[in-house]
Amino acid sequence: MRSAPKPPKAYEDFVSQYPKLGRAWELIRAAGDEGPLDKKTVRLVKLGVAIGAMREGAVHSSVRKAFGEGIDSKEIAQVISLAAGTLGLPSTVAVFSWIRDRLPKDRKKR
């Protein structure tokens, strides 16, 4: 398993400015991790939720974390394809472009 990616500077600046919100966020995250789902499934579900909510920043974050946890780009691609039937083509293409933004350079090639 790879190491967790470093959070974006904006996140670090935010929690530095608002430490109570940062601690509250960590409690929410920890509570969501409790339960029978394994870590990989939790990460893919979070990606699916971010996709369904059309939250570009959350999609970027989920993909960055997924790669950091060793999740394969093919598994991420399946999450995109699962969303297509609900989101429709234009939204799915938008999500695809957001995810491509976070792919390592060698994975962007067709």
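When we screen G48, G70 for residues that are touching a helix residue (DSSP H, G or I) at 6+ places or on another chain (Cβ under 7 Å) and of a type in the set (G, A, S), the only hit is G48. Determine, yes or no, whether A83 is surrounded by 11 or more Cβ atoms within 10 Å (Cβ to Cβ), modelled with pLDDT under 95, touching a helix residue (DSSP H, G or I) at 6+ places or on another chain (Cβ under 7 Å) and among the hydrophobic types (A, V, I, L, M, F, W, C). Yes. Determine whether R29 is crowded, with 17+ Cβ neighbours inside 10 Å and within 19 Å of P8 (Cβ to Cβ). No: the conditions fail for R29.
The residue that is nearest to T92 (Cα to Cα), counting only those in region 34-72 that are part of a loop (DSSP other than H, G, I, E, B) and among the aliphatic types (A, V, I, L, M), is M54.
The values are calculated or read from the model by the stated rules, or taken from the named source; none is laboratory data. Nothing here was measured: the structure is a model prediction, and the numbers come from that model. Don't worry about glycine lacking a Cβ; one is built from the backbone with ideal geometry, like all the others, and counts go over all protein chains shown.
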